[in-house]
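These notes are about the structure you will find just below.
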Amino acid sequence: MKFNNWVLPWAKRKGNPEQDLATGGDGTKVFARFKQVHAAQPAMALVVVAGPDYGREYLLAPMNVKIGRQAQNHIRLKDAKVSREHAVLQYQAKKRTFLLRDLGSTNGTFYNNCRISSTLIAPGGEIRLGETVLRVIALREKDFPEPAGTESS
């Protein structure tokens, strides 16, 4: 098996020889790899402040995070009142935050003591699933705006 059979040939450019440096001599395109300037890192975390998993901490990576009792969930809780697949945190890249969405759980999902079907979460908020309470904390203060009515000194 020849390697050239796996590479799509690109039309050779005519004219400027410096432009030809971007393509290999055999007509294959050479792509440059660029590192991301801002690598996606966790900006928020959840801390269990009440319930059977008291004290556990979970970093929220910029991805969809499932919460429930089932072993396949990203955040597995031991609370018997939590459904097997209770809720999901969907990462919103443009807003750089998470959308908390209930997955049709029996006991419901609460954010700041209000039953929700879906809502955006922010640092300082509390998520209640069954008897478990998870507090949202910011890992980097500069990523989030200050709440209205507060002054920094």
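Annotation for V47 and C114: the two label points, set 7 Å from Cα along the Cα-Cβ direction, are 2.5 nm apart.
Computed with a 1.4 Å probe over protein heavy atoms only, the accessible area of T119 comes to about 40 Å².
Amide hydrogen proximity for M44: with H placed 1.01 Å from N in the peptide plane, the residues at 5 or more positions away or on another chain lying under 5 Å are L60, L139.
For the set L139, L89, solvent exposure ranked by accessible area (probe 1.4 Å, protein chains only) runs largest to smallest as L139, L89. The Cβ shell under 14 Å around H86 holds other residues with a net charge of +4, Lys and Arg each +1, Asp and Glu each -1.
Accessible surface for R128 stands near 80 Å², nearest 10, in the context of the full protein assembly shown (1.4 Å probe).
For K95, the accessible surface of its heavy atoms amounts to roughly 130 Å² (probe 1.4 Å, protein chains only, rounded to the nearest 10).
The values are calculated or read from the model by the stated rules, or taken from the named source; none is laboratory data. Just so you know, these numbers come straight off a predicted model, no measurement behind them. Every residue, glycine as well, gets a Cβ built from its backbone with ideal geometry; the counts of neighbours run over all protein chains shown. Areas reflect the complete protein model, heavy atoms only, side chains present, ligands, DNA and RNA absent. Shrake-Rupley method; radii C 1.70, N 1.55, O 1.52, S 1.80 Å.
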